[in-house]
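Contents: one structure, followed by commentary.
The values are calculated or read from the model by the stated rules, or taken from the named source; none is laboratory data. What you see is a predicted model; the values in this text were computed from it and never measured. Reconstructed Cβ throughout: ideal geometry from the backbone, glycine too, with neighbour counts over all protein chains shown. We work out accessible area using only protein heavy atoms, side chains counted, and drop any ligands, DNA or RNA first. Shrake-Rupley method; radii C 1.70, N 1.55, O 1.52, S 1.80 Å.
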Amino acid sequence: MSDLWFKIKQIITLVVFVAVLSLLGMISGRPIMIVAYGVFFLVVVAIMFYMTRKRQRHFEKVKGSSQLFRKIFGILLMILALITPPVIILRTNLITLPETVKSGAALGIVSGITVLFIVLTLLAVYFINYRGSQVSNRVIGYILYFIAAIVPGFLMSRVEKTTIGIGSVYYVALIVLILSYSGYGLLSNKE
C-alpha cells in the first residue's frame, strides 16, 4: 500500500509541476500557448523519464540510454536555460524594463546575469554534492547558493520594485535552475 501511495504522490507532483510550468504560456497573451507550453514540458519530462526508466535503485546505476543522446539532450537543456530569460524578458510583457535600456544592452545584461546565475548555482551544487566531504566545502557551496538566490531579486529591485516584478524574475530563475541542473546532470552523468 505504501508503494501505491508513493506512486500516487509522484504522479500528482508531476501533474502540478507541468501545470505550473505551462502557466508560462500566459505571458504571450494567447491562451493557446498555455497548452503549447504544457505539451513542451510534458515532452521534456517524458524524455527524462525514458532516460532514467532503466535505473533500479537510488544507488544502483544501470546504463540504459546512449551517452550521445544524453549529451545532446543535456546540451539542449543548457541552451534552453541560457536563452529562456532573454526571450521572456525581451519578447513578453512579464518583466518590464525601463525605456532607457536599449534592446541590445538589455540582451547583454540579461544574458550575463543568466550566465552568472547558472555558474553560481552549478558551483554550489558541485561544492555541496561532489566536494562535500569536508564541512568547509559545503559551507562554500551554501554561500554560493545563497548569493545565487539573491542575484535575481536584487537586480530586479533596481529596475522594478513591485512584488509582481520580483516574483516574475524568480519564476524565470526557477525555470533556468531546473533546466540548467537537469542539463548539468545529463552532461556530467551525475544524478
Exercise. What figure in square angstrom, to the nearest 10, would you give for the accessible area of L177 with a 1.4 Å probe?
Worked result: 40
For this session: Calculate the spin-label point distance for I143 paired with V115, positioning each point 7 Å from the Cα along the beta-carbon direction, and give it in nanometres.
Result: 2.4
Exercise. Which whole-Hz couplings ³J(HN,Hα) result when phi for each residue of the range 10-16 is put into the Karplus expression 6.51 cos²θ - 1.76 cosθ + 1.60, θ = phi - 60°, listed in order with x for Gly and Pro?
Worked result: 5, 5, 4, 4, 4, 5, 5
Exercise. What list of ³J(HN,Hα) values in whole Hz, one per residue of the range 152-168 in order, does the Karplus curve 6.51 cos²θ - 1.76 cosθ + 1.60 (θ = phi - 60°) give from phi, with Gly and Pro shown as x?
Worked result: x, x, 4, 5, 5, 5, 7, 9, 9, 9, 6, 5, 5, x, 5, x, 5
Problem set entry | Heavy-atom accessible area order for T163, T114, T13, largest first, 1.4 Å probe | T163, T13, T114
For this session: Take R138, R91 and sort them by solvent-accessible surface of the protein heavy atoms, 1.4 Å probe, largest at the top.
Result: R91, R138
For this session: Find which of L187, I113, I143 sits farthest along the positive direction of the dipole of the range 99-191, computed with +1 on the beta-carbon of Lys and Arg, -1 on that of Asp and Glu, about the Cα centre.
Result: I143
Problem set entry | Accessible area in the full protein assembly, largest first, 1.4 Å probe, for Y50, Y145 | Y50, Y145
For this session: Would you mind calculating the gained length between Q67 and T163 on full extension (0.36 nm times residue separation, minus the Cα-Cα distance), in nm to one decimal?
Result: 30.3 nm
